[in-house]
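Right, one structure below, let's go through it.
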Amino acid sequence: MVRTKNAEVGSSPKRQRHTEEAPVEDEPQALCFKTRKAARRYRDVIHSRPIVYVFVNGKFCKNPKLATAEDFSFKGLNIAGNTANKVGSNVTQVNVAQIAGLNTLGVSLVRIDYAPYGLNPPHTHPRATEILTVLEGTLYVGFVTSNPENRLITKVLNKGDVFVFPEGLIHFQFNTGHTNAVAIAGLGSQNPGVITIANAVFGSKPPISDDVLAKAFQVDKKVGDYLQAQFWVNN
């Protein structure tokens, strides 16, 4: 039996081995698509090249060589949000859903607009600490520490003031002024998440049992039923 560079002459074809590395261009690619439909279109056009669908944090992972400026930019944060709702506030999010390039980088941003006496209601970010600065107006802000102390820590912020809301703690901002207010906040996650307390407790689908609510809040069932009947705003 004679050996050659790539195979053993006289051996069974099943035992032949290719010892040279395949060209780089024949290797599978990891691509990022906004939708599966877009990925299928790419597959149909470039049908001769295998595609590996890679997900990181639930998002398609993109080959860095294919990245563009659009993957790292967002327009419109100068535009005020619509505060014509029951709580009088609006949050414009700039996270991995808006900027694909944020994935795995651990940062995101929000703009918060407040009508006079508008409220960003008590909520938590399960995956991020928040640092907020006031651009216009005056805000009464605060957060509540965890059990068993449940201590309320508050401060009145004016233009240029900064406040930190620790990760996972319930917090809020309230515009105490007669004019609109604006704030910008950075968060320590590309996908910080948000749980608005009233929405989660009284607006869940399906609703939490009124027996549970009556026991938890030590109120009559009718009070729980009334709160569940309200329209809870996702601002």
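Side notes on the structure shown:
- Ordering of 204-215, 135-146 by burial proxy (mean other Cβ atoms within 10 Å per residue, highest first): 135-146, 204-215
- Cross-link pairs K75/K205; K86/K155; K86/K221 - those with Cα-Cα distance over 28 Å: K75/K205
- Sequence ranges 174-187, 222-235, ranked by mean other-Cβ count within 10 angstrom, highest first: 174-187, 222-235
- Karplus (6.51, -1.76, 1.60) ³J(HN,Hα), θ = phi - 60°, over segment 185-191, in Hz, Gly and Pro reported as x: 9, x, 10, x, 7, 6, 8
- Per-residue Cβ neighbour rank within 10 angstrom, fewest leading, T83, T154: T154, T83
Only the coordinates and a few stated rules stand behind these numbers; no lab work does. Not measured: the values here are computed from a predicted model. FYI the Cβ positions are ideal-geometry reconstructions off the backbone, even for glycines, and counts take in every protein chain you see.
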